[in-house]
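Following: one structure in structure tokens, then a few remarks.
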Amino acid sequence: MAETAVQPLKDGGHDGRRNNCDTDVLEIKKSRSVCTVITLAPCDGIVRVTTLTMLGVVINEQLTAADHVSSLLKICSRLVYALRVLRNHGIPAASMSDVFSATVLAKLMYCAPAWAGFTSAADRARLDAFLRWCRRLDTVTKKHQR
């Protein structure tokens, strides 16, 4: 196992540019590679957040999709409720299928290739359980079933 040496950079890591905040920069040396770790002190006006929503995809500080799946299931549950109301008001089954694919499936599939790799087995199980629930409510026709 290679030893790791942690040393502060000269002049506090500032390369001639100063900002309002003091930064602590550490240079971590491993056997062949050098990695620079920057630790920022709290600054006025900058708030540390645990989740970030970019283009509708929620990314958390652990880079997992758990928060995104939770918010997605909450939104889709509301959409399924609206579909059930439409069904109770007499919407035809073909139209129900079209509305389901245009709303719920579109919401589930939006950016799915980007965030699906960050899902855990539990997240995938929650998504599968939601789709099974939709099938049980007859919101999905045979063309949307696997």
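FYI, it's all coordinate maths here, none of it is from the lab. If you're wondering where the values come from, they're calculated on a predicted model, not measured in any experiment. Reconstructed Cβ throughout: ideal geometry from the backbone, glycine too, with neighbour counts over all protein chains shown.
Select from region 51-137 those chymotrypsin sites (Phe, Trp or Tyr not before Pro) which occupy a DSSP coil region and have at most 15 other Cβ atoms within 10 Å, ordered by residue number.
Values: sites: Y81, F100, Y110, W115, F118, F130, W133; in loops: Y110.
Within region 51-137, the qualifying chymotrypsin sites (Phe, Trp or Tyr not before Pro) (loop, at most 15 other Cβ atoms within 10 Å) are Y110.
Quick one: length gained pulling L55 to A112 fully straight, 0.36 nm per residue minus the C-alpha distance?
Between L55 and A112, full extension yields 19.3 nm more.
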query = If you stretched the chain out fully between A129 and A102, how much longer would it get, using 0.36 nm times the residue separation minus the C-alpha to C-alpha distance?
reply = 7.7 nm
message = Given an 8 Å cut-off on Cα distances and at least 6 residues of separation, report the relative contact order of region 51-144 as a percent.
response = 35
message = With only alpha-carbon pairs counted, each pair once and no self-pairs, how large is the Kirkwood hydrodynamic radius of region 63-146 in angstroms?
response = 13.3
